[in-house]
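Everything below concerns the one structure shown next.
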Amino acid sequence: MPTEFEPIIGLEIHAQLLTRTKIFCGCSTKFGTPPNTHGCPVCLGLPGALPVLNRSAVELGIRAAMALDCQIELESVFARKNYFYPDLPKGYQISQYELPLATGGHLSLHESGTDVGITRIHLEEDAGKSLHEGFPDSDLKSHVDFNRSGVPLIEVVTEPDMRSATDAKSFFMTLREILVSLAVNNGNMEEGSLRCDANVSVRPVGQLALGVKTEVKNLNSFRFLERAIEHEINRQIEVLKSGGQITQETRLWDTSADRTLVMRSKEEAHDYRYFPEPDLPLLRISEDWVNEVRRSLPELPSATRVRLVENYGLTAEQVEQLTRVKPSLVTYFEEVVKADVSPKIAINWCLGELTRNLNGRQVDKVKVISQRVPPVALAKLIKLLDSGTISGTIAKEVFEKMCGTGESAEMIVERDGLAQIDSVEMLSDTVNEILTQHHDAVSQYRSGKSGAIGFLVGQVMKATRGKANPKLVNELLRKAIEG
Ligand SMILES: [Zn+2]
């Protein structure tokens, strides 16, 4: 019987903390400025410079740890991780090793129900960035940009609890959503603010001992993460099936070749000669501070999802769409409901017209829309539609104008004469006109093709620029034809 293999996956995620300044100095963390414009003796690793810990980096680390149900360690220790690389000016990175900021959390994946254990979360500084391209002398030299050197990071390390590339992707997406919702990280993977390494091994099904693992580095998109892990699982299974052995090594995902490549043989922890950072004291966190951060924690995305289903009866798909478009739309939707609109109608507007109008606009769309069309204004528009003052088509038109100018629905309807026409008197002339113009449709209807009425209604609606009450038009047309 052929051996079946089971993949085992653990992730290590580096997330840049959204602080204004670096973790051990006052230099700016701003992205996209010219190379080497944010540097000082501390983050350039000049001799004699001493690090001072940034309090808000610690606070953001605590927030993330709480959201992942970790235990906050009231005492933790910074450590030096020693290695030599051109983008690391001190020759060591200040990180945490034996006593990290937080331990023992977990995160449930709502897609698969897998519960992924969090081993630890620790604080550390980022390295600089080597630039190998884009200079006249790029074929001879590499350049280094130290703007990123000393930018605060947390590293989230999971237990090897995932059994498929899909689960790993789902974990990364869920974690990103949480970190963004807490304003801990900006979720920007292209700029490198959020990066993922995956530890992958396989073992014969039924075997308890773990197989030899490889680490795939720097996966900076959900798609790359999934494909790199899938590729690595298949590669390892093939090696084992053909009688070979897996070597513990670090691999890179080659986007263009769609495969992983060896980067270097894997370091062991002792290769880094970790020791406690002598220039920083023990990191002490008071119970009071922990409690204060806990009180300030916003609702987590998973709790929001449950609430949207329980309080408003939204479908799973509506919830998914609402929370994905932009979390601030959740509040918007709830405000519309509060203004006395049924959740069913409110959600249709939020996911329909509102989202459609947001897509056409630049910058902070939700903010723009909320200022021009606050939830109460949308609620008023919906009421005009509900009471029959305006038709559905006109309502959409009015909404678009509201998004553009910020005027109220009443004002636009009044000024542009958009109120629905629902008096027989006002419609009968138009109805008669359409009937004389379209003899064909009339005879079709008479010969039993009841669908022809739809065409005629459409013509009247067109002639009244969408203002006629379609139900009344339908009635009048039937009456006139049937005599
Ligand atoms: Zn600095």
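Throughout, read-outs are computed from the coordinates displayed, never taken from laboratory work. Here the structure is a predicted model, which is why all the values come from computation and not from measurement. Quick reminder, even Gly has a Cβ in these numbers, built from the backbone with ideal geometry, and neighbours come from all protein chains shown.
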Debye-sum result for the stretch 77-137 in log10 I(q)/I(0), which assumes one identical scatterer on each alpha carbon, at q = 0.17, 0.18, 0.26, 0.29 Å⁻¹ | -0.74, -0.77, -1.02, -1.13
Excluding residues fewer than 8 places away in the same chain, name every one of the lysines whose C-alpha is closer than 16 Å to that of Lys22.
-> Lys30, Lys90, Lys129
Placed amide H near Leu99: partners under 5 Å, 5+ positions off or other chain = Val77
Nonlocal amide H pairs with Gly211, under 5 Å, H built at 1.01 Å = Val202
May I ask what percent, to the nearest 5, of DSSP beta bridges between residues of the stretch 120-272 are antiparallel?
-> 85
Could you tell me the distance between the Cα centroids of the stretch 182-236 and the stretch 460-483, to the nearest Å?
-> 61
Hits among aspartates and glutamates - C-alpha to C-alpha of Lys479 under 20 Å, sequence gap 8 or more where chains match | Asp422, Glu425, Asp429, Glu433, Asp440
Have a look at the DSSP beta bridges in the chain and tell me what percent are antiparallel, nearest 5.
-> 95
Within 10 Å, count the other beta carbons around each residue, average over each peptide in 407-420, 134-147, 52-65, 343-356, and list them highest first.
-> 52-65, 343-356, 407-420, 134-147
Compute log10 of I(q)/I(0) for the stretch 299-415 with the Debye formula, placing one identical point scatterer on every Cα and leaving out solvent, at q = 0.12, 0.13, 0.16, 0.17 Å⁻¹, to two decimals.
-> -0.40, -0.47, -0.71, -0.80
Taking the square root of 5λ for each eigenvalue of the C-alpha gyration tensor of the chain, the equivalent ellipsoid has semi-axes, largest first and in whole angstrom, of 58, 28, 22
Report, in deg cm²/dmol and to the nearest 500, the calculated mean residue ellipticity at 222 nm for the chain, where each DSSP H run with n ≥ 4 adds -39500 (n - 2.57) and the sum is divided by the residue count.
-> -12000 deg cm²/dmol
Using only the Cα atoms, work out Rg/Rh for the stretch 138-232, with Rh taken as the Kirkwood radius, to two decimals.
-> 1.05
So what is log10(I(q)/I(0)) for the stretch 1-154 at q = 0.14, 0.17, 0.20 1/Å, when the Debye sum runs over its Cα atoms only?
-> -0.78, -1.01, -1.23
Any GluC sites (Glu not before Pro) in the stretch 231-288 that lie in a DSSP loop and have at most 10 other Cβ atoms within 10 Å would be Glu268
What ranking do 327-336, 111-120 get when scored by the average of other Cβ atoms within 10 Å per residue, highest first?
-> 327-336, 111-120
